[in-house]
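The values are calculated or read from the model by the stated rules, or taken from the named source; none is laboratory data. Given the structure is predicted, the values throughout are model-derived calculations rather than measurements. Here the Cβ positions follow ideal geometry from the backbone for every residue, glycine too, while neighbour counts run over all protein chains shown. With ligands, DNA and RNA removed, areas are computed over all heavy atoms of the protein, side chains included. Shrake-Rupley method; radii C 1.70, N 1.55, O 1.52, S 1.80 Å.
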Amino acid sequence: MTEFDLAAFQKEALERWTHAFESNPSQKEKYYLTVAYPYPSGAMHVGHGRTYIVPDVIARFWRMRGMQVLYPMAFHVTGAPVIGISKRIARKDEKTIKLYRDLYKVPPAVLDKFTDPLTIVKHFSDEYQRVMTGCGLSIDWRRRFTTVDPTYSKFIEWQWKHLYEAGHVTKGVHPVRYCTHDENPVGDHDLLEGDKAEVIKFTLVIFKFDDAIIPTATLRPETIHGVTNLWVNPNVTYVRALVDGKPWVISREAAEKLQLQDHVVTIEKEITGRDLINKTVSHPLCGEIQILPADFVDPDMASGMVMSVPAHAPFDFIALRDLQRQGKYKNIKPIPLIKVEGYGEIPAQDAVETAGIINQLDTRMEELTQEIYSAEFSKGKLFERFGGKPVRIAREEVAQEMIEKYGSVIMYEFDTRPVVCRCGNRVQVKILHDQWFLKYSDQSWKSQVSDQLRDMVLVPPEVRLEFDRTVDWLKDWACTRRVGLGTRFPWDTTQLIEPLSDSTIYMAYYTIAHRIREISPEKLTPEVFDYIFLGIESPNLPEKEKLDAMRKEFLYWYPYNFRFSAKDLISNHLTFQIFHHVAIFQKHQLPKGMVVFGMGLLNGAKMSSSKGNVFLLEDAINEFGADTVRMFLMGSAEPWQDFDWRNELVLSTKKQIERFYNAIHEMKDVGGEPEDIDIWLMSRLQEHIGRTTTALDNFQTRQALQEAYFGIENDLKWYRRRLSEGCDGSRMLVSLCSAWVRLLAPFIPFTCEKLWQEFGEQGLVSFADWPVEDKKLVNRRIELAEELLLRTVEDIDSIRKLIQITPKCITLSLAPLWKHTVFITIARSADKTLAIREIMKDNAMRRRGKEAMDTVKQCTNLIHRLPPQIVEMIASEGVNERAVFEQAKSFLEKEFGVPVHITDAEGSAHAKALTALPFKPAIVIE
RNA sequence: GCGGGGGUAGCUAAGCCUGGCCAAAGGCGCCGGACUUAAGAUCCGGUCUCGCAGGAGUCCGUGGGUUCAAAUCCCACCCCCCGCACCA
């Protein structure tokens with residue numbers, strides 16, 4: 001026997017597996033599954049491990065069930081993150097260097113070359129392949145590609161041509177975070193500060209001011225009728241500037257921002273805030289009002305000018321109150337215009353006074369503002385004289401009206417500030433032109449996607465709601481970028497196709513990836529792909545034979561059966577890919593199913609590379625063995641649940657594998673004669689096979705392992721206990737071993753490959769036949785008998801512990817026939833109360849009086865406690881209790897070390913014998 | 001805020017859709033025992049409370065309700081996690 005040595009098993013199996021999982025079209029039925037490909041900007045951790053092992057287990061399962069399985073892998077390298085990383089490394093950024101050198105263990109010589117982004121992804125994609133192979137993933141590596149391969153770009157161009165022609169791509173304007181120093185849009189990864197900041201849309205309400213205008217920024221244009229004054233910060237220097245040729249009075253900051261938002265701005269002169277105080281302005285909807293001083297006015301917020309609605313804005317209310325307490329502006333009264341449940345006539349006053357706010361410096365002001373804002377938005381209604389509409393509707397309408405009739409303009413601003421770029425410069429909102437969008441807002445496109453979703457299998461089913469919501473909610477998606485790696489956008493080659501948008505139908509590309517390399521990229525015209533994927537013939541197609549082979553391959557594999565991905569991709573990638581599929585492929589080639597994963601935790605905390613809270617997959621393999629990692633990840637939670645990696649649990653998984661390995665070794669050569677208990681074991685095995693198969697059909701890796709591993713192990717425990725003295729099992733165990741090894745092969749392929757070889761099997765267990773449940777071997781009668789015995793043994797045990805005397809003998813008294821009749825009558829009747837009446841009609845029963853009634857109660861109780869199938873079997877077939885116990889007599893005597901007597905309860909001298917019930921003999925220990 | 005998912009014994013986690021097999025699987029931890037010079041590993045037993053007869057009591061976020069019967073169905077509340085876009 002070979003020692004249990006996972007590392008050695010791995011080495012051996014990996015050699016035997018070289019090229020084994022390369023998969024080509026064949027006569028067999030296909031099963032094509034894909035996972036979201038990784039973005040290789042760092043080392044793999046155990047969380048990644050699960051993402052790729054789950055599909056591998058499924059792939060291995062279907063392969064053993066005789067399907068032609070394709071499990072391909074590629075690397076996603078388009079986008080900006082890796083560029084940021086290379087820049088940071090070039091700049092010798094301490095944190096980044098530490099991460100790559102210490103956590104990801106990149107050798108110094110290689111790290112030096114990481115100033116080139118492509119070197120980073122090359123390094124890690126090689127590492128990914130090495131580690132994935134080490135995990136035993138049954139991937140067809142011939143089909144590996146990266147998203148910056150020239151041939152792949154040709155494929156993307158073809159895809160976009162179709163999207164464009166179908167009207168799914170449009171040009172528009174879009175506000176983005178923008179750094180004026182770098183002259184580029186700023187992604188999340190490039191932010192030093194303010195990564196939570198959102199761009200929000202202000203309406204500038206235009207007030208006339210002498211020959212100029214004052215634009216005040218508001219999120220609540222519907223409150224225009226409640227404006228009583230403007231606010232200006234007396235300590236700030238404002239400017240008079242020509243905006244698109246007209247004179248505006250705004251803050252200096254605003255002047256700068258407006259330039260980025262499609263306005264031509266020239267500053268004419270400075271005006272101090274103090275000079276503006278008490279001046280008069282006007283607006284058609286609220287007439288002439290005064291400018292008042294307020295310190296809370298922030299010149300860096302939008303236009304730097306604020307209109308005051310004291311009835312509905314706590315800040316406005318309190319600033320006004322502060323002034324009035326100094327005896328000024330006594331004539332100004334708040335003008336309420338919104339009715340909102342839970343607040344008085346003047347909501348802002350109500351809120352401020354209830355909270356006991358003293359002045360505008362109070363720290364609770366922000367909170368209070370938010371509270372009123374939300375309450376009025378969700379529950380508020382304008383007064384009848386202002387239209388009577390709910391705030392949420394009126395706001396949009398008034399804003400629209402303001403723009404159309406009163407010269408209002410839109411201004412974008414961050415909701416929280418400051419937002420700072422990595423270069424240290426302040427980030428602003430800029431309106432980008434020439435921004436291209438995918439029109440996910442298109443209703444007819446959406447409805448095609450919804451239709452497709454209805455036809456798809458979603459695992460787990462609960463995610464369907466989330467998908468439906470996402471489709472419903474998706475707006476146009478900005479699909480081009482100015483920085484990063486990727487395919488040039490065909491209609492504006494200064495831009496690139498955004499990384500989520502170039503990864504939507506690449507599952508089709510896998511089918512041809514290994515063949516298309518043989519054709520040089522410049523020959524790959526859209527017509528070529530039209531032919532391969534859509535079967536559209538056209539003249540002068542190059543290298544027709546190769547194209548035919550690709551077409552054949554595509555037709556064989558497509559559509560994919562299942563796509564696997566973590567659940568955080570539901571709201572983008574997983575939904576996008578359906579949009580793109582319905583836009584390009586024919587109905588019968590649309591995706592069939594998706595499996596959505598949960599996330600990984602490490603010792604209870606969320607795994608995060610940037611926080612260093614990761615455990616590298618390769619380290620895990622080296623420390624525990626690949627099979628251990630696989631079995632742990634598959635057994636600790638179902639795929640869609642979050643799992644938690646804990647080293648101590650992983651260690652015990654390793655012991656389980658070892659226990660399995662040793663058990664097989666002990667059993668595979670025994671050759672005793674089969675006993676009844678062998679029939680029981682075989683019968684149980686069939687059920688485990690059936691349930692393991694069902695579980696894997698449903699992607700329940702955990703459930704499958706429970707059945708295939710613990711289920712069988714527990715049966716073996718009972719089996720060994722039941723064997724006759726000196727017997728170590730029958731030759732039937734050999735077939736159990738064979739089935740057991742195959743059942744576990746998808747989970748722990750390395751160990752199983754080794755065992756399979758030791759059985760003297762020629763081929764790989766990876767391609768062996770999956771065990772099939774043999775219904776002929778299922779023997780309910782024997783299972784029922786064992787169940788009776790097991791329960792009785794448990795009962796004897798618990799009594800023995802309780803009474804603490806040294807038993808001299810055990811007597812089992814069996815229930816009389818009439819109690820069986822009672823039991824069966826109750827078991828068979830749907831309504832238990834009717835059953836009682838039925839039983840008591842019988843004269844013989846009635847004569848037994850209280851004893852009969854008690855039996856009825858006890859039987860009812862017992863029936864509810866027993867598993868339904870058992871009750872049903874007792875009722876239908878019955879069980880010969882005497883025979884069961886007589887046969888198990890020597891077993892019981894061995895178990896308890898005392899003589900065991902089996903008697904009928906009726907006529908027994910023991911009072912306890914009266915308690916005997918069907919399936920529950922009375923036990924007397926003396 | 002909007003949307004989605006959850007709260008089960010010391011921890012972890014099944015069960016919930018389809019109400020009685022539920023004092024509630026499995027695993028971990030802990031306790032005891034066997035083995036061992038010892039430790040580890042392994043195996044056996046225990047692990048809500050009470051009980052010298054296989055039983056009883058309390059229990060599945062909180063509070064109500066439906067039912068002969070509720071972890072499971074209904075209502076309300078509290079708490080936790082995830083997504084919300086130009087980012088892979």
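Quick look at the values:
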item	result
Single match in A:Asp112, A:Asp182, A:Asp102 (criterion: of a type outside the set (Ser, Thr, Tyr), outside any helix (DSSP H, G or I) and open to solvent by 20 Å² or more (accessible area, probe 1.4 Å))	A:Asp182
Unique residue being in a helix (DSSP H, G or I) and acidic (Asp, Glu) when the list is A:Glu366, A:Glu345, A:Glu341	A:Glu366
All positions within segment A:769-824 that are assigned to a helix (DSSP H, G or I) and free of Cβ contacts under 8 Å to residues at least 24 places away in the same chain	A:Lys776, A:Glu794, A:Asp797, A:Ser798, A:Lys801, A:Leu802, A:Leu817, A:Thr821
Selection status of A:Glu753, among the acidic types (Asp, Glu) and within 35 Å of the chain's Cα centre (by Cα)	yes
Where A:Thr811 falls short, out of the listed (1) under 29 Å from A:Glu666 (Cβ atoms); (2) among the β-branched types (Val, Ile, Thr); (3) open to solvent by less than 60 Å² (accessible area, probe 1.4 Å)	(1)
Residue match in segment A:645-660 (condition: hydroxyl-bearing (Ser, Thr, Tyr) and either within 15 Å of RNA strand B (Cβ to nearest atom) or within 26 Å of the chain's Cα centre (by Cα) (or both))	yes
Matching residues, segment A:58-77, being touching a Lys or Arg at 6+ places or on another chain (Cβ under 8 Å) and either under 17 Å from A:Val35 (Cα atoms) or in a strand (DSSP E or B) (or both)	A:Gln68, A:Val69, A:Leu70, A:Pro72, A:Met73, A:Ala74, A:Phe75
Selection from segment A:588-598 of residues that are closer than 22 Å to A:Leu438 by Cβ, surrounded by fewer than 21 Cβ atoms within 10 Å (Cβ to Cβ) and not polar (S, T, N, Q)	A:Leu590
When residues of segment A:415-428 are limited to those that are buried (at least 20 other Cβ atoms within 10 Å of the Cβ) and out of contact with any Leu (no Cβ under 6 Å at 6 or more places or on another chain), the one modelled with the lowest pLDDT	A:Cys421
Segment A:884-926 - residue that is part of a loop (DSSP other than H, G, I, E, B) and open to solvent by 20 Å² or more (accessible area, probe 1.4 Å) and, of those, nearest to RNA strand B (Cβ to nearest atom)	A:Glu926
Members of segment A:351-396 found to be open to solvent by 60 Å² or more (accessible area, probe 1.4 Å), without any contact (Cβ under 8 Å) to a residue 24 or more places away in the chain and away from RNA strand B (no atom under 16 Å from the Cβ), listed by number	A:Glu353, A:Thr354, A:Ile358, A:Leu361, A:Thr363, A:Arg364, A:Glu384, A:Arg385, A:Lys389
Boolean, A:Val457 is open to solvent by 20 Å² or more (accessible area, probe 1.4 Å), away from RNA strand B (no atom under 13 Å from the Cβ), in contact (Cβ under 8 Å) with a residue 12 or more places away in the chain and under 22 Å from A:Phe564 (Cβ atoms)	yes
Whichever residue in segment A:566-587 is over 26 Å from A:Glu165 (Cα atoms) and either modelled with pLDDT of 95 or more or in contact with a Ser or Thr (Cβ under 9 Å, 6 or more places away or on another chain) (or both) and, among such residues, is least open to solvent (accessible area, probe 1.4 Å)	A:Ile570
Members of segment A:856-883 found to be out of contact with any Phe, Trp or Tyr (no Cβ under 8 Å at 6 or more places or on another chain), in a helix (DSSP H, G or I) and within 16 Å of A:Leu817 (Cα to Cα), listed by number	A:Val856, A:Gln858, A:Ser876, A:Arg882, A:Ala883
Neighbours by Cβ (under 6 Å, 6+ apart or cross-chain): first from segment A:705-725, in a loop (DSSP other than H, G, I, E, B); second aromatic (Phe, Trp, Tyr)	none
Of all residues in segment A:555-575 being in a loop (DSSP other than H, G, I, E, B) and more than 16 Å from RNA strand B (Cβ to nearest atom), the one that is nearest to A:Phe533 (Cα to Cα)	A:Tyr558
Single residue of segment A:474-486 satisfying the filter (touching a Ser or Thr at 6+ places or on another chain (Cβ under 8 Å), more than 18 Å from A:His580 (Cβ to Cβ) and not basic (Lys, Arg)) that is farthest from RNA strand B (Cβ to nearest atom)	A:Leu485
Filter pass, A:Gln443 being open to solvent by 70 Å² or more (accessible area, probe 1.4 Å) and either among the basic types (Lys, Arg) or away from RNA strand B (no atom under 11 Å from the Cβ) (or both)	yes
Filter result for the condition that a residue is of a type outside the set (Asp, Glu), within 24 Å of A:Thr119 (Cα to Cα) and either within 16 Å of RNA strand B (Cβ to nearest atom) or surrounded by fewer than 22 Cβ atoms within 10 Å (Cβ to Cβ) (or both), over A:Ala20, A:Ala36	A:Ala36
Some residue of segment A:634-641 being away from RNA strand B (no atom under 16 Å from the Cβ), among the acidic types (Asp, Glu) and closer than 30 Å to A:Lys655 by Cα	no
Top-ranked residue in segment A:697-729 [being under 25 Å from the mean Cα position of the chain (by Cα) and surrounded by fewer than 20 Cβ atoms within 10 Å (Cβ to Cβ); ranked as farthest from RNA strand B (Cβ to nearest atom)]	A:Asp697
Tally, over segment A:628-660, of residues that are charged (D, E, K, R) and either under 13 Å from A:Leu601 (Cβ atoms) or in contact with a strand residue (DSSP E or B) (Cβ under 6 Å, 6 or more places away or on another chain) (or both)	3
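Conditions tested, residue by residue: (1) of a type in the set (Asp, Glu); (2) more than 21 Å from the chain's Cα centre (by Cα); (3) at pLDDT 95 or above.
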| site | (1), (2), (3) |
| --- | --- |
| A:Ala549 | no, yes, yes |
| A:Phe554 | no, yes, yes |
| A:Tyr558 | no, yes, no |
| A:Phe564 | no, no, no |
| A:Gly598 | no, no, no |
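Okay, residues lined up against (1) farther than 30 Å from A:Val46 by Cβ; (2) charged (D, E, K, R); (3) in contact with a helix residue (DSSP H, G or I) (Cβ under 8 Å, 6 or more places away or on another chain):
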{"site": "A:Asp476", "(1), (2), (3)": "yes, yes, no"}
{"site": "A:Leu485", "(1), (2), (3)": "no, no, yes"}
{"site": "A:Ala513", "(1), (2), (3)": "no, no, yes"}
{"site": "A:Phe533", "(1), (2), (3)": "yes, no, yes"}
{"site": "A:Leu541", "(1), (2), (3)": "yes, no, yes"}
{"site": "A:Ala549", "(1), (2), (3)": "yes, no, yes"}
{"site": "A:Tyr558", "(1), (2), (3)": "yes, no, yes"}
{"site": "A:His573", "(1), (2), (3)": "no, no, no"}
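For (1) among the aliphatic types (A, V, I, L, M); (2) within 18 Å of A:Pro55 (Cα to Cα), each residue gets a yes or a no:
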residue	(1), (2)
A:Leu649	yes, no
A:Thr653	no, no
A:Ser683	no, no
A:Gly690	no, no
A:Gln700	no, yes
A:Gln703	no, yes
A:Ile712	yes, no
A:Arg722	no, no
A:Ser735	no, no
